[in-house]
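Right, one structure below, let's go through it.
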Amino acid sequence: MNIGKSVVIKGELSGSEDLTIEGQVEGKIELRQNLLTIGPNAKIKAQVFAKTVVVEGHVQGNITAGERIDIRDKGVVEGNLAAPRVSIADGAQFRGAVDMQGAGKFNEAGDAKPSAAPTPVTHPSSGPTAVAR
Amino acid sequence: MFRWGARERTADVETPAPRRIVETLSASRALPKLLNALTAHESPRLLDLGPVVGANVSFFGERLSCKLMIEDLRVDIVKAVQEKRLEELPAILSDRIRSTVPEPVHGVLCWDIFDVLDRASARALAESLCGILRPQGVLHGLFSTKASNDDSRTKFIVESESALRCRREPAEPLPRYALQTGEINKMFAGLSTVESVLLVTHAREVLFKKA
């Protein structure tokens, strides 16, 4: 399923199939058994829960994933990440805390609130991502 | 008349040379000890003063199953320098550490942050970091031995349990300060030195531990 560029959602978004967001969402996103892709045009201001989260756009809020969070090179995240596997590509911007002890360890408010704008990420190679196995 | 071979190049308009990224691989004696100290704790909490390096996030997360808080202080330093508010920097840094770290941590990764701090700011940051370390907590830092005024920064990328890749790349220009070993030890007077070694890049790598 795809939420297009012109769509603005305020409130809670949940579902049981893979979802790609290109628009704006404010509130909460829950796809606990599915893949959520936050596209390059998306602007998310929400707490995000999914099985796997791929970030190519802008997210302000905590992200919790049961399996993996993947911030791609154009992705921007201001918030905390909780997942067993986290990968942050060179060029991505991130500010917050990373918890790889397992998913769901952050409380809803996040206990290490990011305090300023995110900063670019460096990776030794110019490859797309560094995957924590 | 014909001319053979490549056409002779005419004088080009002078273009600035692309700024180079220089990488050096250094063996690290402190890194294995840092990992050893942190693995003694279940789910350690670690503060990383930036820059955010994806490979380091993966490395520490995977090896230690830790919670990693990332706070790139360079952003504050650049802002203070640009706005000529250097005298406020010690307080800005102390506040930032206090607000980022809600409870004491098992480890701190300083990377090269002390290279771009004047003495007063460096002392204030060191004091704040000593304060947020738990007993038996460890602090890893790299300190330049040469002062300069250039527009590059060094990023340290953990290559393995005992090697660091030092990557010099373009950045906002900031004065780089050099600290003598005695000054470093004095700043972290509340901590004991576990390891202090000069890397091939001429940065001093130091591991401190809180009693």
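The values are calculated or read from the model by the stated rules, or taken from the named source; none is laboratory data. Since the structure is predicted, the reported quantities are computational estimates derived from the model, not experimental observations. Note that each Cβ is placed from the backbone with ideal geometry, even for glycine, and that neighbours are counted across all protein chains shown. Just the protein is used for accessible areas: all its heavy atoms, side chains included, with ligands, DNA and RNA removed. Shrake-Rupley method; radii C 1.70, N 1.55, O 1.52, S 1.80 Å.
State yes or no: is A:GLU78 within 10 Å of the chain's Cα centre (by Cα), open to solvent by 40 Å² or more (accessible area, probe 1.4 Å) and not polar (S, T, N, Q)? The answer is yes for A:GLU78.
Among the residues of the stretch B:24-72, those identified as hydroxyl-bearing (Ser, Thr, Tyr) and within 10 Å of chain A (Cβ to nearest Cβ) are B:SER43, B:SER58, B:SER65.
Within the set B:GLU183, B:GLU172, the sole residue that is open to solvent by 50 Å² or more (accessible area, probe 1.4 Å) and either of a type in the set (A, V, I, L, M) or assigned to a loop (DSSP other than H, G, I, E, B) (or both) turns out to be B:GLU172.
Taken as a whole, the structure leaves B:HIS41 outside the set of residues that are in contact with a Gly (Cβ under 6 Å, 6 or more places away or on another chain) and either over 23 Å from A:GLN93 (Cβ atoms) or touching a residue at least 40 places away in the same chain (Cβ under 8 Å) (or both).
Assessment of the stretch B:109-126 against the conditions (free of Cβ contacts under 8 Å to residues at least 12 places away in the same chain and assigned to a loop (DSSP other than H, G, I, E, B)) yields no matching residue.
For B:LEU139, the requirement of being assigned to a strand (DSSP E or B) and crowded, with 16+ Cβ neighbours inside 10 Å is met.
Can you spot a residue in the stretch B:133-140 that is at pLDDT 95 or above and within 16 Å of B:SER26 (Cα to Cα)? Yes - at least one qualifying residue is present in the stretch B:133-140. Can you name the residue in the stretch A:2-16 that is part of a strand (DSSP E or B) and β-branched (Val, Ile, Thr) and is also most open to solvent (accessible area, probe 1.4 Å) among such residues? Checked the stretch A:2-16; the qualifying residue most open to solvent (accessible area, probe 1.4 Å) is A:VAL8. Has the stretch B:188-198 got at least one residue that is β-branched (Val, Ile, Thr), without any contact (Cβ under 8 Å) to a residue 40 or more places away in the chain and open to solvent by less than 60 Å² (accessible area, probe 1.4 Å)? Within the stretch B:188-198 (the criterion being β-branched (Val, Ile, Thr), without any contact (Cβ under 8 Å) to a residue 40 or more places away in the chain and open to solvent by less than 60 Å² (accessible area, probe 1.4 Å)), the answer is no, since none of the residues qualifies.
Within the stretch B:107-136, the only residue that satisfies the criterion of being among the hydroxyl-bearing types (Ser, Thr, Tyr) and open to solvent by 20 Å² or more (accessible area, probe 1.4 Å) is B:SER128. Going through (1) open to solvent by 20 Å² or more (accessible area, probe 1.4 Å); (2) touching a Cys at 6+ places or on another chain (Cβ under 7 Å); (3) not hydroxyl-bearing (Ser, Thr, Tyr) one by one, B:PRO104 falls short only on (2).
Within the stretch B:48-65, at least one residue is over 18 Å from A:GLN93 (Cα atoms) and surrounded by fewer than 16 Cβ atoms within 10 Å (Cβ to Cβ). Restricting attention to the stretch B:153-162, does a residue exist that is part of a loop (DSSP other than H, G, I, E, B) and either surrounded by fewer than 24 Cβ atoms within 10 Å (Cβ to Cβ) or among the small types (Gly, Ala, Ser) (or both)? Checking the stretch B:153-162: at least one residue is part of a loop (DSSP other than H, G, I, E, B) and either surrounded by fewer than 24 Cβ atoms within 10 Å (Cβ to Cβ) or among the small types (Gly, Ala, Ser) (or both).
Answer yes or no as to whether A:LYS45 is open to solvent by 30 Å² or more (accessible area, probe 1.4 Å) and more than 30 Å from B:GLY50 (Cα to Cα). Judged against the criteria, A:LYS45 is not a match.
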